Amino acid sequence: MYEFSSKTKVNKAITFAQIFKEISADKEIKQDARIIKSIMLSNVLADYTLNLLKANVKKEIYVFEIELTEKKIPLVFLTAMDKKLGFYSLFRFVYQEQYMYAFAYKSVKSNSVSIGKYHYTEWKNVSSEIIEKMPIFSSVDDLYYAIIVDIIRLSPRQGETVEDYLARYGEILSLQKEIDRLDKTIKAEKQTNIVYELNEELKTKKKQIEELEKRH
């Protein structure tokens, strides 16, 4: 992940009472949050903290660090909290000596926020985390796109919007699920002719993934 400017640092602890009140937390949400040890707003990435050109619509990326007592993402709580945030968000989860980043893509407009599915990095050791110098971006939107690419690790195509990028990645994930299913079916199948047909289908889907992964 990037090394964010000191001007973006907030490092403000957030109490559960604050959050529960803000999101009108029910019993399920509170139960899901029991594995959370602490929540901190670590950074606010915005035009005024990064010296970017001021946009017509105010856009910010709030970076949260969430310490866990179990190696599990509290998705019910996270979704409820994230839906209340009228801006982009990035979550860094920490469990003992490991960390993981997560985000759900948001389309932020002047009067509405829509949220997509969550994407995650793998759990990695904190001691081996590589912090890169942040490139120069022209807008918060460009920075958000770059963070998404850093997490997903699929090369973007020239002129590809973030929506199209995520749709392409979704196709890859869907095809990979089909490939996994075909692999299991092939291993269990006894009839040679059916195995041949399934292998041909498998090859086709793998080629489709190769095409989707190409940077063109």
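The values are calculated or read from the model by the stated rules, or taken from the named source; none is laboratory data. Given the structure is predicted, the values throughout are model-derived calculations rather than measurements. For neighbour counting, all protein chains shown are included, and Cβ atoms are generated from backbone atoms with ideal geometry for every residue, glycine included. Heads up: the accessible areas ignore ligands, DNA and RNA and are worked out on the full protein's heavy atoms, side chains in. Shrake-Rupley method; radii C 1.70, N 1.55, O 1.52, S 1.80 Å.
Looking for something more than 30 Å from residue 23 (Cβ to Cβ), open to solvent by less than 60 Å² (accessible area, probe 1.4 Å) and part of a helix (DSSP H, G or I) - is there at least one such residue anywhere in region 114-127?
Checked against the condition, which is being more than 30 Å from residue 23 (Cβ to Cβ), open to solvent by less than 60 Å² (accessible area, probe 1.4 Å) and part of a helix (DSSP H, G or I), region 114-127 yields no hits at all.
Please state which one of 66, 61 is touching a residue at least 60 places away in the same chain (Cβ under 8 Å), touching a Ser or Thr at 6+ places or on another chain (Cβ under 9 Å) and within 18 Å of residue 118 (Cα to Cα).
Only one candidate passes the filter, namely 61.
So, residue 81, is that one in contact with a strand residue (DSSP E or B) (Cβ under 9 Å, 6 or more places away or on another chain), open to solvent by less than 90 Å² (accessible area, probe 1.4 Å) and either part of a helix (DSSP H, G or I) or without any contact (Cβ under 8 Å) to a residue 24 or more places away in the chain (or both) or not?
yes
Looking only at region 161-199, filter to residues that are more than 30 Å from residue 118 (Cβ to Cβ) and not in a helix (DSSP H, G or I); which one of those is most open to solvent (accessible area, probe 1.4 Å)?
For region 161-199, the residue satisfying everything is 190.
Restricting to region 112-167, give me the number of residues that are over 16 Å from the mean Cα position of the chain (by Cα) and within 25 Å of residue 72 (Cα to Cα).
Looking only at that region, the number is 7.
Out of all the residues in region 205-216, which are loosely packed, with under 12 Cβ neighbours inside 10 Å and over 29 Å from residue 141 (Cα atoms)?
Listed by number, the list holds a single entry, 207.
Within region 60-70, track down each residue that is in contact with a helix residue (DSSP H, G or I) (Cβ under 9 Å, 6 or more places away or on another chain) and either of a type outside the set (Ser, Thr, Tyr) or crowded, with 19+ Cβ neighbours inside 10 Å (or both).
Scanning region 60-70 gives 60, 61, 63, 64, 66, 68, 70.
Residue under question is residue 94, and the condition is that it be surrounded by 14 or more Cβ atoms within 10 Å (Cβ to Cβ), assigned to a helix (DSSP H, G or I) and among the β-branched types (Val, Ile, Thr); does it hold?
no
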